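Below is one structure, written out as structure tokens; comments come after it.
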Amino acid sequence: MTERTKIGFLDSGAGGITVLARAVKKLPSADFLYYADTDRVPYGTKTPEEVVRYTSEAVRFLEDEGAQAVVVACNTATSMAIRPLRAAFPFPIVGMEPAVKPAALGHPEGRILVCATPLTISGEKLHTLIDRYFWGPVSPVLVPLPDLVTLAESERFDEESFRGVIRSAGLEGERFAAVVLGCTHFVYYRELFRDAFPGADVIDGNEGTVNRLADLICVREVPGSGSVRFFESGRIPADEDRYRRFLERAMKL
């Protein structure tokens, strides 16, 4: 019997499930392993050194579970840890990239909002992208929204809670040509972002990441659909149904 290709995903919590859902749709023959580091969520308020240590532990765990490639389904973790992870492990490791390029190229004269975690916003990766794709006096508005991660982890997807975060960040009533969702948790709120910023092009990096994964790894074609297994900080989740709910929601996005 031919074994299915195993692909690991990691995030500090449930945000990366929005990326996992795209991969399940694009690569249905694969088996997926999802690692939520709930003991340390959120990564966006940790130090870079802590993020490197936590993600290294997660990738090692996924390797032991048979992963043949790993997706770091977290913009913060990618920004802080992708280089040391690639240096430490022998298989493909795919990261996230805030969708600054399509926002800049698609709206060269428009006002652009990039929202992410505090660590992503302060990180070198995001600012390198901004320097590459924005010229002259034009630059995006960078706003950290860490409370949105907390809301998502609490499965609070209602408009009132979302609007409270937008209001607290001073964004209510602002107008943008494009909004870049620089955290995978934020993708759960894509339609609410569209409602909050009418006419804005709401962009995330999930599709690009999954396309890159598909380019790097050859998935064995096996009859039937693959499986998805969830882990919490190196153990079987006490409440696996919680992750299934996130996946069901993400599959509809």
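The values are calculated or read from the model by the stated rules, or taken from the named source; none is laboratory data. Please read these numbers as outputs of a predicted model, since none were measured by experiment. Note: ideal-geometry Cβ built from the backbone for every residue, glycine included; neighbour counts use all protein chains shown.
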| request: Could you tell me which of the residues ALA58, ALA23, ALA14, ALA30 is farther than 30 Å from ARG175 by Cβ, more than 17 Å from the chain's Cα centre (by Cα) and either in the same structural domain as ARG242 (by TED's automatic domain parsing) or among the polar types (S, T, N, Q) (or both)? | output: ALA30
| Within segment 197-253, considering residues that are more than 21 Å from the chain's Cα centre (by Cα) and of a type in the set (A, V, I, L, M), the one surrounded by the most Cβ atoms within 10 Å (Cβ to Cβ) | VAL219
| Is there a residue being among the basic types (Lys, Arg), in a loop (DSSP other than H, G, I, E, B) and farther than 14 Å from VAL24 by Cα anywhere in segment 173-186? | yes
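Rundown of residues vs (1) assigned to a loop (DSSP other than H, G, I, E, B); (2) more than 22 Å from LEU105 (Cβ to Cβ), yes/no style:
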residue	(1), (2)
TYR189	no, yes
ARG194	no, no
VAL202	no, no
LEU213	no, yes
ARG220	yes, yes
GLY226	yes, yes
ALA238	yes, yes
LEU253	yes, yes
| said: I'd like the full set of residues that are touching a Pro at 6+ places or on another chain (Cβ under 9 Å) and of a type in the set (Ser, Thr, Tyr), limited to segment 22-67. | reply: SER29, THR38, THR45, THR55, SER56
| Tell me, which residue of segment 41-55 that is more than 16 Å from the chain's Cα centre (by Cα) and not in a helix (DSSP H, G or I) is surrounded by the most Cβ atoms within 10 Å (Cβ to Cβ)? | LYS46
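Can you tell me which residues in segment 29-40 are among the small types (Gly, Ala, Ser) and either assigned to a loop (DSSP other than H, G, I, E, B) or in contact with a His (Cβ under 8 Å, 6 or more places away or on another chain) (or both)?
SER29, ALA30
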| query | Does LEU126 fit the bill of being at pLDDT 95 or above, hydrophobic (A, V, I, L, M, F, W, C) and not assigned by TED's automatic domain parsing to the domain that holds ALA36? | reply | no
| said: Can you pull out every residue in segment 6-28 that is closer than 16 Å to VAL222 by Cα, out of contact with any strand residue (DSSP E or B) (no Cβ under 9 Å at 6 or more places or on another chain) and not in a loop (DSSP other than H, G, I, E, B)? | reply: LYS25, LYS26
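Name the residue that is nearest to THR18 (Cα to Cα), counting only residues in segment 123-139 that are among the small types (Gly, Ala, Ser) and surrounded by fewer than 17 Cβ atoms within 10 Å (Cβ to Cβ).
Top of the filtered list is SER139.
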| Residues of segment 160-177 satisfying the condition of being exposed (fewer than 14 other Cβ atoms within 10 Å of the Cβ) and either on the phi > 0 side of the Ramachandran plot or under 21 Å from the mean Cα position of the chain (by Cα) (or both) | GLY170, GLY173
| task | Check LEU113, LEU62 and return the single one that is more than 30 Å from LEU27 (Cβ to Cβ) and surrounded by 20 or more Cβ atoms within 10 Å (Cβ to Cβ). | result | LEU113
| Can you find a residue in segment 65-75 that is closer than 24 Å to ASP131 by Cβ, part of a loop (DSSP other than H, G, I, E, B) and of a type outside the set (Ser, Thr, Tyr)? | yes
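Among the listed residues ALA103, ALA99, ALA73, ALA77, identify the single one that is small (Gly, Ala, Ser), over 30 Å from CYS218 (Cβ atoms) and crowded, with 24+ Cβ neighbours inside 10 Å. Explain how you work it out, then say what you get.
Details: ALA99 fails: over 30 Å from CYS218 (Cβ atoms); ALA73 fails: over 30 Å from CYS218 (Cβ atoms); ALA77 fails: over 30 Å from CYS218 (Cβ atoms).
Going through ALA103, ALA99, ALA73, ALA77 in turn, just one is small (Gly, Ala, Ser), over 30 Å from CYS218 (Cβ atoms) and crowded, with 24+ Cβ neighbours inside 10 Å: ALA103.
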